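Please read the structure below before turning to the comments.
Every number here is computed from the coordinates shown, using simple stated rules; none is lab data. For clarity, every value in this text was computed on a predicted model and none was experimentally measured. Neighbour counts run over all protein chains shown; Cβ positions are idealised from the backbone, glycine included.
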Amino acid sequence: MGIEKIYNPLLIENKWLVKWEKEDFFKSEPNDETPYTILIPPPNVTGILHMGHMLNNSIQDILIRKARLSGYNACWVPGTDHASIATEAKVVNKLKEVGIKKHELSRDEFIQHAWDWTNKHGGIILNQLKRIGCSCDWSKTKFTLDPDMYESVQNMFIKLYHDGYLYRDKKIVNWDPEAKTTLSNEEVVYKEKTAKLFYLKYKLESSEEFLLVATTRPETIFGDTAVAVNPNDERYRKLIGKKLIVPLVNRAVPIVGDNSVDLEFGTGCLKVTPAHSEKDFEIGLRNNLDIIDVFNDDASLNGYGMHYKSLDRFSVRKKIINELDEKGLLDRSEDYSHNIALSERTSCVVEPKLSTQWFVKMKKLSKPALELVLNGDIQFYPKKYVKTYKNWLENIRDWNISRQLYWGHRIPVFYLKEDKSKYVVCLSESEAIKLFEEKYSIKDLVPAEIVQDEDVLDTWFSSWLWPISVFDGIRNPNNSEINYYYPTSDLVTGPDIIFFWVARMIISGNYLRQEIPFRNVYFTGLVRDKKGRKMSKQLGNSPDPEILIKKYGADGVRVGLLFCASAGNDLLFDETLCNQGKNFSNKIWNAFRLIEGLKIDDNQQSKSHNEFAIKWFNENLNKKVLSINESFKNFKISEALMILYKLFWDDFCSIYLEIIKPEFGKGVSKKLKHSTLAFLEKLLTLLHPFMPFISSEITDQIVSNKNFNIKKSNWPESIKFDSEIIENVNYSIEIVSKIRNFKKENSLSFKDVLKIYFENDLIDNQIGIVKKLTNCDLIKKQLKGKDSDTSFLVGKFGYVVDQMDKIFNEIDLDKLKEELNYNLGFKNILEKKLSNKNFVSNAPKEVIQKERKKLEDVKSKIKILEEGIKKQNN
RNA sequence: GGGCGCUUAGCUCAGUUGGUUCAGAGCACUUGGUUUACACCCAAGGGGUCGGGGGUUCGAAUCCCUCAGCGCCCACCA
C-alpha cells in the first residue's frame with residue numbers, strides 16, 4: 001500500500017495552500033445565490049499572529065467554510081488596521097533607536113517613515129492567516145488607510161458634521177504624555193495602586209492659622225486657583241470667601257463652597273486645580289475660577305512650576321514634598337490606595353488636560369442601537385453580553401475623536417490662519433476656499449491663508465465604518481457589492497472591544513444605512529494558559545502559533561484550540577489538546593488507509609449484518625448531523641466538533657469499520673466498499689470546516705476512484721432518522737461490552753470463543769454484530785436462574801456463558817434480584833407520584849403521560865425479571 | 001460605589017421551559033491487550049451530597065433568599 005502509515009500534515013498542508021491560492025478558490029462575487037458574509041476584525045497591520053487571532057480566525061473560517069458547503073455564496077473579507085496610536089508609537093521608538101526624534105521631522109517625513117515601516121512589516125499577519133487555512137477572498141483585502149477607505153472616513157466626518165453630530169469644545173480630556181495625544185474614555189484603563197496622601201498646610205491670608213488640604217498630587221499646587229469646602233461643613237463654613245496662601249507659590253486663592261466636596265475625605269478641604277481634573281474644572285466653572293495649566297505636553301512642569309520647570313511630574317512630586325517638609329508646610333502623609341488611569345496603548349499615567357478637541361454627540365445617534373440588540377435583530381452569543389452592551393449605551397458619553405498624531409485619517413477641517421475660530425469642513429483646500437466664501441463671505445483666499453486641522457481621527461472612527469467602507473458603501477451607497485453583501489451575517493470578536501467597536505458599528509450602520517451591520521455577534525473568550533493566566537510576553541506563556549503548526553499541523557492546532565473553546569468562556573489553552581487534534585488527524589488518515597485498501601471481491605456474498613451495519617450507520621449519521629446542525633445554529637462550535645469527533649472515532653472507526661472489516665486476506669462486496677466510501681465522504685465534508693487540509697487531501701485522493709469533491713452544497717442536511725435500528729445496534733454494542741468485560745474479569749483472552757445463551761428476542765443481525773466484534777456465538781435457549789459467576793444482564797435480560805467444557809446455563813440470581821429491586825423501587829416512586837393528588841392535578845398532562853408510560857415499562861421489566869427468578873425456584 | 005456572571009468527577013466544561021431512564025462528555029487516571037488501518041492504537045473500569053445554609057414545590061443541579069469564594073464590565077473622590 002502506497003499510503004503513509006503516519007499522517008504528515010506539513011507536506012500536505014503546504015500542497016493545499018498553494019493550490020487554494022492558485023485557483024482563487026475562495027473568491028466571491030455578487031450573484032443570485034444567498035450571500036453569507038463575514039468581515040475579519042482587522043488586525044494591526046504590523047502585528048503578528050498570536051493565539052487570540054488563531055482562535056478568532058479559526059472560528060470565522062469554520063463558519064465560512066460551513067456556509068460555503070451549505071450552498072451560500074460565502075464571502076470572508078480580510079484586511080488590516082492602521083492602528084493609529086500603536087503603530088505611531090512603534091515608529092517613534094524605531095526612529096529613536098537611530099537617533100531621530102519625531103518633532104524634528106515634518107508631518108510628511110514622519111508619515112513616509114510610517115509607510116516604510118508598514119510596507120516592511122505589514123501583511124505578515126495575513127500570510128499567517130493563510131497558513132492556518134483561512135479561506136478569505138484575498139482579492140478583497142483592505143487596509144484602513146487605502147485611498148478609498150481614507151476618503152470614506154473623511155466623508156463620514158463631513159456627514160456627521162453637517163447633520164449636527166460633531167462639535168469642537170475645550171474640555172478636560174485624557175492626555176497621554178508619552179504619545180502626546182488625547183485618548184477616548186475607552187482607551188483608558190484603571191489599575192489599583194497604593195500612593196501617598198499628603199496633608200499640606202495652606203495658611204490663611206494675614207493670619208498664622210492654616211487649613212490642612214489632602215492631596216495625592218502636590219506637584220499641581222502651581223495650578224491651584226482655589227480651595228473648596230462643602231458649604232454644609234460646619235468646620236469651614238465660616239471661612240468661605242476668605243483667602244488662603246498656596247504653599248511655595250505664595251498665591252492667594254479664595255476658599256469657595258461647593259457641594260461636590262466630600263466631607264469625609266481627607267480633611268474636607270479640596271485644593272482646586274481646574275486645568276488638571278475634570279471635577280476641579282467643573283468647580284472652576286461654577287465659581288468663576290482662573291485656570292492655570294502647569295504642564296508641558298510631555299507632563300513636565302512649564303513656567304508656572306517655578307524652579308521645577310522642565311522636570312517630570314513624578315520627580316517633582318518627590319522633590320516638592322521634600323521642600324514642603326523642610327519648610328514645615330507638610331503636616332503628614334499616609335498610604336492611600338486608589339485607581340490610577342493608564343493609557344491602554346503606552347501604559348503611561350494619563351494626565352487630565354484641558355484641551356480643544358472634536359467630539360461626537362453620542363446620545364441621539366446611539367439611541368436606535370440599543371433597540372436593535374434588545375429586540376433580537378442582532379443576536380449576541382453568549383447572551384450575557386446584551387446586558388453589558390445595554391449598560392454602556394444607557395450611560396453613553398460623547399466621544400473624543402481627535403488625536404494629536406500623524407498616522408491616521410487627517411481631520412477634514414480647514415481653519416483660517418488669522419482667526420482659527422473660523423473653519424469649514426470639507427475634503428480639499430480648493431473646496432475650503434469656496435466654502436469660506438459661502439460661509440463667511442471671505443473672498444479670494446489663497447491656500448497659504450488657510451490650514452488643515454493638524455490632528456488625525458481616532459482609529460476606531462475608521463473601524464466603526466469597516467462593514468460599510470470595505471464595500472465602498474460610504475462613497476457609493478448603492479453599489480452592487482454593498483447592496484449584496486450588507487448586512488453581513490456574523491461577526492466574531494472579543495468582548496474587550498464590545499464598546500470600542502461592536503456597539504459603534506451598530507450605531508454607524510444604523511445611521512448610514514438604517515440597517516444592522518451583522519445579524520449575529522459571536523464573542524470569543526480570552527486565550528489563557530492552563531493555569532488560567534493571561535498570555536503575555538513577559539510571562540513567556542504564549543506559544544508561537546507557527547511552532548505549534550509545525551508540531552501538530554494547522555488542522556491539529558485548530559482542533560486543539562476548539563476543544564477548549566466552550567462558547568463565551570475564557571479558554572485555558574493546553575498544548576496537549578493540539579496533540580489530541582494531531583492524533584485525530586492520524587485516526588482519520590488511518591481510517592482512510594483502511595477503506596482505501598479494502599479489496600473488492602465480486603464473489604463475496606454480502607453478509608447480512610454488514611447490510612445492517614450500513615443501514616445503522618446511515619441512520620446514526622442522520623441523527624448526529626441533526627445535532628451538529630443544531631449546535632452550529634446556536635454557535636456551539638466546540639460542541640459540534642465534539643459530536644463529530646465521537647461520531648468519527650467511536651461510531652465510525654470503533655464500531656462500523658470493525659464490523660465491516662473483512663477477515664485477513666479477504667475482500668468485500670462492491671456495495672459495501674461504495675457505501676463505506678460514501679460515509680467517509682460525508683464525514684470528511686462535516687470535518688472540512690474544522691480540518692480543511694486533511695479533509696481536502698483525502699477527498700482529493702478518493703476523486704481518482706469516484707467523482708467527489710468538497711465543494712458547495714455538499715453539507716449533509718437531515719430532518720429525521722430511524723431510531724429503532726439505532727437502538728437495536730446500541731443494544732448489541734451493550735452485549736459486546738458486557739462480553740468483553742466478562743472476558744477481562746475472568747482473565748480470558750480477547751480472542752477466546754465463547755458460547756453465550758440468551759432467551760429474549762434478538763434479530764440475527766444483532767447476533768451477527770456481536771459475533772463479529774467478540775468472536776462469541778449467541779445461542780437462543782431456555783435459561784434457568786441460579787447463583788453463578790458466569791452470567792450477566794443486558795438491560796433486563798440475562799445472558800449465560802458456556803465456558804470451555806463446563807456448561808453454565810443459569811443466570812446469576814443475585815444479579816436478577818438486584819435488578820428486580822432497583823425496578824421495584826423505581827415502580828414505587830412512580831406509583832407514589834401518580835397516586836399523589838397534588839401531582840396529578842398540578843403537573844402538566846404530558847408529564848403525567850410520560851410517568852404512566854414509565855410505569856408500564858417498569859412493570860413489564862419486573863414481570864420478566866420475576867419470571868427469571870421463578871424459573872430458578874423450579 | 002453601580003452592574004453582570006461563575007462555583008457540577010483530578011482538570012476543562014455540557015446540562016434547554018423544574019419531572020429520578022439526568023447526574024453527563026472529553027481529557028487525565030487504573031487495569032488488560034501489539035504479527036492482520038492506526039500504541040499518534042484497542043478494550044474494560046473507578047471517580048461527584050451538583051460551593052455552604054435556608055426556602056418554594058408533589059418533585060430542585062435547575063426557581064427564590066442568604067452566606068462564602070472567584071471573575072468580568074462601568075464609574076471614579078482630591
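Equivalent ellipsoid of the stretch A:214-269: semi-axes from √(5λ) of the C-alpha gyration tensor, largest first, are 19, 14, 8 Å. With one equal scatterer per alpha carbon and no solvent term, the Debye-computed log10 I(q)/I(0) for the stretch A:23-82 at 0.15, 0.24 1/Å reads -0.50, -1.01. Cβ-Cβ distance of A:GLU745 and A:GLU717, R₀ of 51 Å, FRET efficiency by 1/(1 + (r/R0)^6): the value works out to about 0.70. If the Kirkwood radius is taken over C-alpha pairs of the stretch A:413-512, then at 10 °C and 1.306 mPa s the Stokes-Einstein diffusion coefficient equals 98 µm²/s.
Among beta bridges from DSSP that stay inside the stretch A:458-572, the antiparallel ones total about 10%. Beta bridges assigned by DSSP with both partners in chain A are antiparallel in approximately 70 percent of cases.
Where Rh denotes the Kirkwood radius from the mean inverse Cα pair distance, what is Rg over Rh for the stretch A:244-293?
Expressed as Rg/Rh, it is 0.94.
Let me have the relative contact order for the stretch A:200-307, percent, based on Cα pairs under 8 Å that are six or more residues apart. Could the numbers behind the result be given before it?
Values: 215 pairs, mean separation 30.1, N = 108.
Value for the stretch A:200-307: 28 percent.
Considering the stretch A:396-443 at the alpha-carbon level, its Rg and Dmax are found to be 13.0, 42 Å. Once both labels are positioned 7 Å from their Cα atoms along Cα-to-Cβ, the gap between A:TRP649 and A:LYS170 label points is 6.8 nm.
Could you tell me the relative contact order of the stretch A:58-190? Use alpha-carbon pairs under 8 Å, at least six residues apart, and round to a whole percent. Here the relative contact order equals 30 percent. Annotation: amide H of A:MET535 within the under-5 Å range of A:ASP529, sequence separation 5 or more or interchain, hydrogens built in the peptide plane. Here the stretch A:471-553 is treated as a sphere whose radius is the Kirkwood value from Cα pairs; by Stokes-Einstein at 25 °C and 0.890 mPa s it diffuses with a coefficient of 155 µm²/s. Rounded to the nearest 500, the 222 nm mean residue ellipticity of chain A from helices alone is -13500 deg cm²/dmol, with -39,500 (n - 2.57) taken per DSSP H run of at least 4 residues.
Proximity of backbone amide H atoms, modeled 1.01 Å from N, is registered between A:CYS269 and A:ALA214 at under 5 Å, excluding neighbours fewer than 5 places apart on the same chain. Rg of the Cα atoms in the stretch A:230-364, relative to 2.2 N^0.38 Å, amounts to 1.19.
Are there trypsin sites (Lys or Arg not before Pro) in the stretch A:177-214 that DSSP puts in a loop and that have at most 16 other Cβ atoms within 10 Å, and which ones?
Values: sites: A:LYS180, A:LYS191, A:LYS193, A:LYS196, A:LYS201, A:LYS203; in loops: A:LYS180.
Answer in residue order: no site qualifies.
If you wrap the tightest convex hull around every Cα atom of the stretch A:347-499 and split its volume per residue, you get 179 Å³. The base-10 log of I(q)/I(0) for the stretch A:642-763, evaluated at q = 0.12 Å⁻¹, reads -0.64 [Debye formula, identical scatterers on Cα atoms, solvent excluded].
Pairs of alpha carbons in the stretch A:298-391 separated by more than 23 Å make up 59% of all such pairs. Taking a straight Cα-Cα cut-off under 19 Å and skipping sequence neighbours fewer than 8 places away in the same chain, the lysines within cross-link reach of A:LYS837 are A:LYS827, A:LYS845, A:LYS850, A:LYS853, A:LYS854.
Please report the net charge: other residues with Cβ closer than 12 Å to the Cβ of A:LEU342, K and R +1, D and E -1. Before the final figure, lay out each step's value.
Numbers: positive: A:LYS191, A:LYS193, A:ARG345; negative: A:ASP176, A:GLU178, A:GLU187, A:GLU192, A:GLU344, A:GLU351.
Once all neighbours under 12 Å are counted, the net charge is -3.
Separation of the stretch A:172-232 from the stretch A:564-611 is 66 Å, based on Cα centroids. The three principal axes of the C-alpha atoms in the stretch A:42-130 carry coordinate ranges of 57, 24, 18 Å, sorted with the longest axis first.
Here is the size of the stretch A:585-625 from its Cα atoms: Rg then Dmax, 13.1, 35 Å.
For the residue pairs A:LYS101/A:LYS537; A:LYS384/A:LYS636; A:LYS796/A:LYS833; A:LYS120/A:LYS534, alpha carbon separations beyond 20 Å are given by A:LYS101/A:LYS537; A:LYS796/A:LYS833; A:LYS120/A:LYS534. The mean sequence distance of close C-alpha pairs (under 8 Å, at least 6 residues apart), as a share of the length of chain A, puts its relative contact order at 12 percent.
At q = 0.20 Å⁻¹, what is the base-10 log of I(q)/I(0) for the stretch A:541-680 according to the Debye formula with one equal point scatterer per Cα and no solvent? Please give it to two decimals. Log10 I(q)/I(0), no solvent term: -1.15.
Mean projection of the alpha-carbon convex hull of chain A over all orientations, in nm²? It would help to have the intermediate numbers written out before the result.
On the way: hull surface 210.8 nm².
Result: a mean projected hull area of 52.7 nm².
Grouping the Cα pair distances of the stretch A:440-587 into 10 Å bins from zero gives a pair-distance distribution of 10, 25, 21, 24, 13, 4, 3, 1 percent in increasing distance order. Cross-link check: pairs A:LYS180/A:LYS363; A:LYS623/A:LYS646; A:LYS755/A:LYS781; A:LYS279/A:LYS364 evaluated at a Cα-Cα cut-off of 18 Å; pairs beyond the cut-off: A:LYS180/A:LYS363; A:LYS279/A:LYS364.
In the neighborhood of A:ILE829, defined by Cβ-to-Cβ distances under 10 Å, what is the net charge if each Lys or Arg adds +1 and each Asp or Glu adds -1?
+2
Ignoring aspartates and glutamates fewer than eight residues from A:LYS318 along the same chain, the ones with Cα atoms less than 12 angstrom from its Cα are A:GLU219. Other residues lying with their Cβ under 10 Å from the Cβ of A:THR225 contribute a combined charge of -1, Lys and Arg counting +1, Asp and Glu -1.
Counting only lysines at least 8 places from A:LYS238 when in the same chain, those with an alpha carbon closer than 23 Å to its own are A:LYS201, A:LYS203, A:LYS271.
Using only the Cα atoms, what convex hull volume per residue in Å³ does the stretch A:716-783 have?
106
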